Ligand code: NAP
């Protein structure tokens, strides 16, 4: 009897797990289920549209379908007609690879005002994620604020400031390109509640901001640490500081637009009449790695705030959830061992460990979960794919197969504007049409 594994979520964590399972058990049957008709999760909807080389990892994931008995079931939302409990009756193991698709809250007054948008929604919108097709944020102003000192903040600032020419080879969704490129936006301020030495930018991503055509990246020299303060830091952070110091040296006005880094600034409130007009920031100092407010408040006018302060996993009925951490309760990826006729439940990637790390971080994660599955053999007799097929038919659902996805992909490639790899469908109904 082959091992039967269901993986919920088709992002990097899901595909690396599938790859690991078929490598260690070449006879395994692996079904990857996604609520969207399209696979690849964050690769498609999170990785920046101008970072196409990162998206090339999908070729490796695609190969998984040829290397073993791996099937894709798109357009199937686990939790609606099909539950995790149903899947446990059908499979030896159910792996939650659902990522962290929700935004962490800022927890400050005024954050529900129109124009304050979380990164999951904003990045999803410019990447053509159908959940955010109707976001249509107003960009009719000159100044936007991006909160957070991680790579997502950099992505958002860069996508807002790059010229249409600089985005020509990207797959920026058409509705987003239309709004961004006619916007009068001149400045993006990136807010860090701590200092340069506490930033989690990576070197390459930060360095790109120094090379934009129309936009200068600027830091305030007085926020930079004293010379040599970074000498004992890890090499990545030392290079980040080199970039930030360079941004402090360059004259600010020889390009028409700017990305301004503002460190030691904690958001305390958003104000405005019906929509955001100002953000209030409190100056901080860093003590024992923590941002401590100094009481000095500044009011910064802005028309958009994108908070890039981390993500949360969405709970799934019947699966224990750690609300404080925003991820499933688990011990090294194990949620519940198999019992009787029920397969085990596991989680992997951001759903297991929270929203940190690059795409490659999911590879060892996926391999560790495959080992864990092998270490907890299930004793039930499981129908696997045939059983899932029955549940889908009985509930009158329409599942998009991997071949169906390839039809969607072919249509997106055919619709691409010159220079761009694809024009993404942003509506599920259009994806489903193209899948047939
Ligand atoms: P991140 O690196 O964890 O950065 C989150 C930032 O939000 C931190 O600077 C954090 O500050 C700040 N923050 C958290 N709560 C805050 C609050 N209440 N008020 C103000 N600031 C707050 O997360 P991310 O940028 O979302 O990225 C997620 C992961 O994806 C990271 O591992 C990242 O490297 C990766 N990623 C990689 C790429 C790439 O390689 N090209 C692109 C995008 C994302 P504190 O440090 O003070 O908590």
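The numbers here are math on the coordinates, done by the rules we state, and not lab data. On a predicted model such as this, the values are computed, not experimentally measured, just so you know. Neighbour counts are summed over all protein chains in view; Cβ atoms, including those assigned to glycine, are modelled from backbone coordinates with ideal geometry.
What tally of residues in the stretch 306-321 results from selecting those that are within 16 Å of the ligand (Cβ to nearest atom) and outside any loop (DSSP other than H, G, I, E, B)? Qualifying residue count for the region: 4. Does residue 150 satisfy being farther than 24 Å from residue 419 by Cα and out of contact with any strand residue (DSSP E or B) (no Cβ under 7 Å at 6 or more places or on another chain)? Taking the combined requirement at face value, the residue satisfies it. Applying the set (1) surrounded by fewer than 22 Cβ atoms within 10 Å (Cβ to Cβ); (2) in a helix (DSSP H, G or I) to residue 112 leaves exactly one unmet item: (2).
Note on the stretch 132-176: among residues that are more than 11 Å from the ligand (Cβ to nearest atom) and part of a helix (DSSP H, G or I), the one that is farthest from residue 107 (Cα to Cα) is 174.
Taking the stretch 52-96 as the range and being touching a residue at least 40 places away in the same chain (Cβ under 8 Å), in a loop (DSSP other than H, G, I, E, B) and either over 30 Å from residue 337 (Cβ atoms) or within 16 Å of the ligand (Cβ to nearest atom) (or both) as the test, the residues that pass are 57, 75. Within the stretch 339-360, the residues that satisfy the criterion of being in a loop (DSSP other than H, G, I, E, B) and crowded, with 19+ Cβ neighbours inside 10 Å are 343, 348, 349, 355.
Any residue in the stretch 175-185 that is touching a residue at least 60 places away in the same chain (Cβ under 8 Å) and more than 23 Å from residue 419 (Cα to Cα)?
First pass over the stretch 175-185, keeping only residues touching a residue at least 60 places away in the same chain (Cβ under 8 Å): 175, 185.
Next cut, more than 23 Å from residue 419 (Cα to Cα) only: 185.
Yes: the stretch 175-185 contains one or more residues that are touching a residue at least 60 places away in the same chain (Cβ under 8 Å) and more than 23 Å from residue 419 (Cα to Cα).
What is the residue count in the stretch 361-400 for residues that are surrounded by 14 or more Cβ atoms within 10 Å (Cβ to Cβ) and part of a loop (DSSP other than H, G, I, E, B)? Selection size over the stretch 361-400: 8.
The residues in the stretch 352-367 that are closer than 14 Å to residue 47 by Cα and more than 8 Å from the ligand (Cβ to nearest atom) can be counted, and the count is 1.
Every condition in (1) surrounded by 15 or more Cβ atoms within 10 Å (Cβ to Cβ); (2) farther than 19 Å from residue 59 by Cα; (3) out of contact with any strand residue (DSSP E or B) (no Cβ under 8 Å at 6 or more places or on another chain) holds for residue 431 except the one numbered (3). Among the conditions (1) within 16 Å of the ligand (Cβ to nearest atom); (2) assigned to a loop (DSSP other than H, G, I, E, B); (3) surrounded by 12 or more Cβ atoms within 10 Å (Cβ to Cβ), the only one that residue 324 does not satisfy is (3). Residues that are under 26 Å from the mean Cα position of the chain (by Cα) and farther than 19 Å from residue 117 by Cα within the stretch 290-314 comprise 290, 291, listed in sequence order.
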